[in-house]
Each structure stands twice: as structure tokens, then as C-alpha cells.
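Student: My questions will all concern the structure given below.
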Amino acid sequence: MSNAAAGCDVCRIHADAALAPLECHRGPRWIVRHHAPPAPIAGWAFLCAVRHVQGPADLDDAEAAGFGRALRAASRAVRSATGCDRVYAIAFGQGAPHLHVHLVPRFDAEPGTAAWKVADWYRAVERGERAPADAARVHETVARLRAVLCSEPPE
């Protein structure tokens, strides 16, 4: 990890051996990983730039050229692995200066995953007011994500 990235939470997560079981794909430019415990929803994943880069405006030409394909592949994997009705792609870039796109499964039958209500769900899990996703279900979802990403990798 470079000195510039040493203070970055995303870089720290990528380097944490204890979180390695949640990694679904690692390519030369993109990493797909499941949300660390406590995961709000099984299938809540991230598409992260390998390189320490703050946001899309800072991608190099190769990263920029592959970003749409990587986002499509990771989103399709989440949809396939979870059976969700759609996948939200959310990137704020404020919590860590490292491009990471939240890929959030949206289930029409679960109103709590609708639009910005999913942010309330996230905060409730974070505060301990709502149970996180079952760990066994998360690991099953990670296995399905890996299988899908083997056939259609982000790069």
C-alpha cells in the first residue's frame, strides 16, 4: 500500500486478510467484494478501483474505458446471485477518497430496499436497531457472486 493510500479505509479493507473471504473478484483494475460485517443485505457489494483514485474524474484512460463494462458485469452478478429485481449503483466518494460504487440489491417485495429507504436500512443496521444479513447467507451469496464473475469478469 502506498503512503498516499495508507490512510484510506478502502485500501485498508483490500489489504485485510480477515476480509479476504468476502472478495468476489480481483482483476488488474477492479475489485468486487461483498460488504463487510455487519452487512445490511446479503448481496450488498462494491465495485472498487484497484488503484487509489478518488473518483471517476481521476480514472486513467484504461480505467475509464472499462468502467462501464465493469459496472455492468458487477451489477449483473449481484442481480444473478441475489435474484433481486434491480441493482442500485451508488457512489458518494466522501467516506473514503477511493472510488467504490455500492451495488445494492433492490427487492420489489421488500419496501425497505426502495430508493433512499435503503439508506435508512443501512443506518439501522449500523446502529444495531436492525439485524444484519445472516452470515451464512452472505457467504452463500459471495460464492454465487464469484461463480457469476468467473463467467463475466469486470475486466
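The values are calculated or read from the model by the stated rules, or taken from the named source; none is laboratory data. As the structure is a prediction and not an experimental result, all values here were calculated from the model. Cβ sites come from the backbone with ideal geometry, for glycine too, and all protein chains shown count toward neighbours.
Student: For region 84-116, what are the residues that are without any contact (Cβ under 8 Å) to a residue 12 or more places away in the chain and surrounded by 13 or more Cβ atoms within 10 Å (Cβ to Cβ)?
Tutor: GLU110, GLY112, ALA114, listed by residue number.
Student: Return the residues of region 127-155 that are surrounded by fewer than 16 Cβ atoms within 10 Å (Cβ to Cβ) and at pLDDT below 95; say none if nothing qualifies.
Tutor: CYS150, SER151, GLU152, GLU155
Student: Moving to a separate point now. I'd like the residue in region 59-78 that is of a type outside the set (Gly, Ala, Ser) and surrounded by fewer than 18 Cβ atoms within 10 Å (Cβ to Cβ) and, out of all such residues, is nearest to CYS8 (Cα to Cα). Break it down stepwise before answering.
Tutor: Residues of region 59-78 of a type outside the set (Gly, Ala, Ser): 59-61, 63, 67, 69, 71-72, 76, 78.
Now drop any that are not surrounded by fewer than 18 Cβ atoms within 10 Å (Cβ to Cβ), which leaves 60-61, 69, 72, 76.
Numbers: ASP60: 19, ASP61: 23, ARG69: 25, ARG72: 26, ARG76: 28 Å.
So, considering only residues that are of a type outside the set (Gly, Ala, Ser) and surrounded by fewer than 18 Cβ atoms within 10 Å (Cβ to Cβ), the one nearest to CYS8 (Cα to Cα) is ASP60.
Student: Which condition breaks for GLU23 when tested against (1) surrounded by fewer than 19 Cβ atoms within 10 Å (Cβ to Cβ); (2) out of contact with any His (no Cβ under 7 Å at 6 or more places or on another chain); (3) modelled with pLDDT under 95?
Tutor: (3)
Student: I've got another one for you. Name the pairs whose Cβ atoms lie under 9 Å apart, with the first residue in region 122-136 and over 16 Å from ALA36 (Cβ atoms) and basic (Lys, Arg), the second surrounded by 12 or more Cβ atoms within 10 Å (Cβ to Cβ) and at pLDDT below 95, and 6 or more positions between them or separate chains?
Tutor: Qualifying pairs under 9 Å: ARG130/GLY112.
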